[in-house]
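*Asks:* Below: one structure in structure tokens.
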Amino acid sequence: MSSVPGTEPAGRPEDIRAVPVRRPGRWVAAAIVLVLAVAIVRSVVTNPNFQWGVVGEYVFDERILEGLRVTIELTVIAMVIGIVLGVVLAVMRLSPNPLLASGSWLYIWFFRGTPVLVQLLFWYNVSALYPKIALGIPFGPAFVHPDANTLITPFTAAILGLGLNEGAYMAEIVRAGIISVPSGQEDAARSLGMTRLQTMARIVLPQAMRVIIPPTGNETISMLKTTSLVSVIAVADLLFAAEGIYSANFKTIPLLIVVSIWYIVCTSVLYIGQYYLERYYGRGSSREGQTPLAGRMLRGMLAFGRHRVHVGPGGGERR
Amino acid sequence: MSEPMVKAEAVYKRFARQEVLKGITLQVLPGEVMCLLGPSGSGKSTFLRCINHLEKIDAGRLSVDGELVGYRQVGATLHELREREVARKRSEIGMVFQQFNLFPNMTALENVTCAPILVRKLSREQAGSRARELLGRVGLPDKLDSYPAQLSGGQQQRVAIARALAMEPKLMLFDEPTSALDPELVGDVLQAMKRLAGEGMTMIVVTHETGFAREVADCVVFMDAGIVVEAGGPSEVLEHPREQRTREFLSKVL
């Protein structure tokens, strides 16, 4: 029987109160995870071989902190070089000039095709290849020719190796960002009288940032840890400092824990930075306002056991 | 008689092997409104994009305000203009797109002030007060700080019109400005365009809105397959078309 409008007084029916579906599997899985977590924490705390006392002793050791400073310095400088180089290479690859485009392609091909550790060793030994470095007119007279050994210290070798390698990866990330911006944006900018360069710098790149930032955060975190490779070319980074200490006192495990703690502290700081960068470049991308970081993380953690989850990496299911 | 604002003589344009414009000849006088009608793929939008050199023409002559588009003529030879010169000429021609193409990361106000600050080197204050006035004129005085995603299609298109007007153009190009809009939002945009026409702006409008063409246009051009089939006053072309092709098209659109 179809209802006829007007036969019933219009009113909002009560909210549905149904018995929720039981999910025993979920509770069992949660119990297993919980037991495992407790077991791991217990063993970490009670196993005397971790030597937590020694860890506490060395966390703020001067040599460790000096190594940490070098690690951070390397990360920052290498990423700055990588990002600037990446933008230049990406714009070159998208250039209508075939020489620029293929030059960029070759660079990316070479630096992505060889291990960064090999590249680091290459730069470290570059003086064997070019004992003298001359600055001057190409194929013409040189004005200065410093000795390669004095110019390429282990630190500069590390910067060159990490930065130039990173440039190749960043180039592909930036290129992905640029081509993700619809061509209508460029049309609009050009029709307003902006030059190609203004269009790229003011219209395309800021929009490309939304796509560029997450993988760049990934790259930065990866770089922070990749810098530990420089200990092989005798740069006194965080790992190198710890190695120096435990080769003398044989407290290997606690010092590796100290190193791990500092790496994890640094990556956590990067997480926060990335969140705010994403929020800045995500302006205008949604109709609603944005939730603060703490609120979002909390929502993600509490997602378990709820029926509907919109955000968060937590274990909740969709719908 | 005054010098035409836009003058096209036998303009040809092809993409790859496909000839899109096959000898377009027409002119628009200052203060005139011309409506371009025709089926999709007839070359209307391409012709519009040629006028501000977003596309290069392959043959013929195209000039705006007495100057060739994209070239300088010295004797019998043409010299390509530098990018900066092309950009300067584009800045004097406003363009409104079917898909609005607002900058999504900027508020309505920033969309309108962006080019005047960057290209015309206006101060933030000058550009801002002018933008507020323009956004008021298109009926959006309370949407200054909204991002495009927070605006309806009709509102976005009116911001786009304000953005183009902020450069104080001498010519406005509209590329199907209402085709992407819900029917109920079309009216506000057409209203803003009518007002602009009433203020004496020279306009070329690619549209399917024959009502708008009838009311506002000084000249209606019907294009098909890259040629001008018929051109004349709105009553001639829309009420008493001479060509069979025009009649067929109008019977489908109306």
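The values are calculated or read from the model by the stated rules, or taken from the named source; none is laboratory data. No experiment lies behind these values; they were computed from the predicted model shown. Quick reminder, even Gly has a Cβ in these numbers, built from the backbone with ideal geometry, and neighbours come from all protein chains shown. These accessible areas exclude ligands, DNA and RNA; they are computed on the full protein's heavy atoms, side chains included. Shrake-Rupley method; radii C 1.70, N 1.55, O 1.52, S 1.80 Å.
*Asks:* Please go through region A:185-200 and pick out each residue that is at the interface with chain B (Cβ under 7 Å from one of its Cβ atoms) and hydroxyl-bearing (S, T, Y).
*Replies:* A:S191, A:T195 - these are the residues of region A:185-200 that are at the interface with chain B (Cβ under 7 Å from one of its Cβ atoms) and hydroxyl-bearing (S, T, Y).
*Asks:* Also, I was wondering about something else. Does B:F47 qualify as being within 19 Å of the chain's Cα centre (by Cα), away from chain A (no Cβ under 14 Å) and either assigned to a strand (DSSP E or B) or within 24 Å of B:I161 (Cβ to Cβ) (or both)?
*Replies:* yes
*Asks:* Read through the list (1) at pLDDT 95 or above; (2) over 26 Å from A:Y107 (Cα atoms); (3) in a helix (DSSP H, G or I), then give the number of the only condition that A:M194 fails.
*Replies:* Against the list (1) at pLDDT 95 or above; (2) over 26 Å from A:Y107 (Cα atoms); (3) in a helix (DSSP H, G or I), A:M194 comes up short only on (3).
*Asks:* Which residues, taken from region B:83-106, are at the interface with chain A (Cβ under 7 Å from one of its Cβ atoms) and part of a helix (DSSP H, G or I)?
*Replies:* Scanning region B:83-106 gives B:E83, B:R84, B:A87, B:R88, B:R90.
*Asks:* Going by what's in this entry, would B:L185 be described as surrounded by fewer than 21 Cβ atoms within 10 Å (Cβ to Cβ), in a loop (DSSP other than H, G, I, E, B), away from every other protein chain (no Cβ under 13 Å) and not small (G, A, S)?
*Replies:* no
*Asks:* Taking the stated definitions as given, is B:V205 assigned to a helix (DSSP H, G or I) and either within 14 Å of another protein chain (Cβ to nearest Cβ) or not charged (D, E, K, R) (or both)?
*Replies:* In short, no.
*Asks:* Consider B:A192 carefully, then state whether it is out of contact with any His (no Cβ under 6 Å at 6 or more places or on another chain), within 13 Å of another protein chain (Cβ to nearest Cβ) and over 16 Å from B:M34 (Cβ atoms).
*Replies:* For B:A192, the condition - out of contact with any His (no Cβ under 6 Å at 6 or more places or on another chain), within 13 Å of another protein chain (Cβ to nearest Cβ) and over 16 Å from B:M34 (Cβ atoms) - is not met.
*Asks:* What residue, among those in region B:40-89 that are open to solvent by 30 Å² or more (accessible area, probe 1.4 Å) and among the hydroxyl-bearing types (S, T, Y), is farthest from B:V28 (Cα to Cα)?
*Replies:* Only one residue fits best here, namely B:T77.
*Asks:* To continue, here is another question. Which of the residues spanning region A:139-178 are among the small types (G, A, S) and surrounded by 15 or more Cβ atoms within 10 Å (Cβ to Cβ)?
*Replies:* Taking region A:139-178 first, the residues among the small types (G, A, S) are A:140, A:142, A:148, A:157-158, A:161, A:163, A:167-168, A:171, A:176-177.
Selection gives A:A148, A:A157, A:A158, A:G161, A:G163, A:G167, A:A168, A:A171, A:G177.
*Asks:* I'd like to know if region A:64-75 contains one or more residues that are more than 25 Å from A:I245 (Cα to Cα) and either of a type in the set (S, T, N, Q) or touching a helix residue (DSSP H, G or I) at 6+ places or on another chain (Cβ under 7 Å) (or both).
*Replies:* Taking every residue of region A:64-75 in turn, none turns out to be more than 25 Å from A:I245 (Cα to Cα) and either of a type in the set (S, T, N, Q) or touching a helix residue (DSSP H, G or I) at 6+ places or on another chain (Cβ under 7 Å) (or both).
*Asks:* Go through (1) away from chain A (no Cβ under 12 Å); (2) over 23 Å from B:V189 (Cβ atoms); (3) among the small types (G, A, S) and name the single condition B:G31 misses.
*Replies:* Every condition holds for B:G31 apart from (2).
*Asks:* Within region B:54-68, is even one residue at the interface with another protein chain (Cβ under 10 Å from one of its Cβ atoms), closer than 26 Å to B:L190 by Cβ and under 17 Å from the mean Cα position of the chain (by Cα)?
*Replies:* Yes.
*Asks:* Okay, moving on. Return yes or no: is A:I212 assigned to a helix (DSSP H, G or I), surrounded by 20 or more Cβ atoms within 10 Å (Cβ to Cβ), free of Cβ contacts under 8 Å to residues at least 60 places away in the same chain and touching a helix residue (DSSP H, G or I) at 6+ places or on another chain (Cβ under 8 Å)?
*Replies:* In short, yes.
*Asks:* Okay, moving on. Select from region B:119-148 the residues that are surrounded by fewer than 21 Cβ atoms within 10 Å (Cβ to Cβ), among the aliphatic types (A, V, I, L, M) and within 13 Å of chain A (Cβ to nearest Cβ) and list them in ascending order.
*Replies:* Across region B:119-148, the qualifying residues are B:V119, B:L122.
*Asks:* With respect to A:S222, determine if the residue is open to solvent by 20 Å² or more (accessible area, probe 1.4 Å), closer than 29 Å to A:N49 by Cβ, among the small types (G, A, S) and not in a loop (DSSP other than H, G, I, E, B).
*Replies:* no
*Asks:* Return the pair list, or none, for Cβ contacts closer than 6 Å from residues in region A:148-171 that are part of a helix (DSSP H, G or I) to residues that are among the aromatic types (F, W, Y), at least 6 apart or on different chains.
*Replies:* If the second residue must be among the aromatic types (F, W, Y), the pairs left are A:A148/A:Y130; A:A157/A:W123; A:A157/A:Y124; A:L160/A:W123; A:G161/A:W123; A:N165/A:F111; A:A168/A:F111.
*Asks:* When you go through A:V33, A:V84, A:V38 one by one, which is the residue that is farther than 26 Å from A:I261 by Cβ and open to solvent by 60 Å² or more (accessible area, probe 1.4 Å)?
*Replies:* It is A:V84.
*Asks:* So, in region B:26-36, of the ones that are assigned to a strand (DSSP E or B) and in contact with a Ser or Thr (Cβ under 7 Å, 6 or more places away or on another chain), which residue ends up nearest to B:V221 (Cα to Cα)?
*Replies:* Looking at residues that are assigned to a strand (DSSP E or B) and in contact with a Ser or Thr (Cβ under 7 Å, 6 or more places away or on another chain), I get B:C35.
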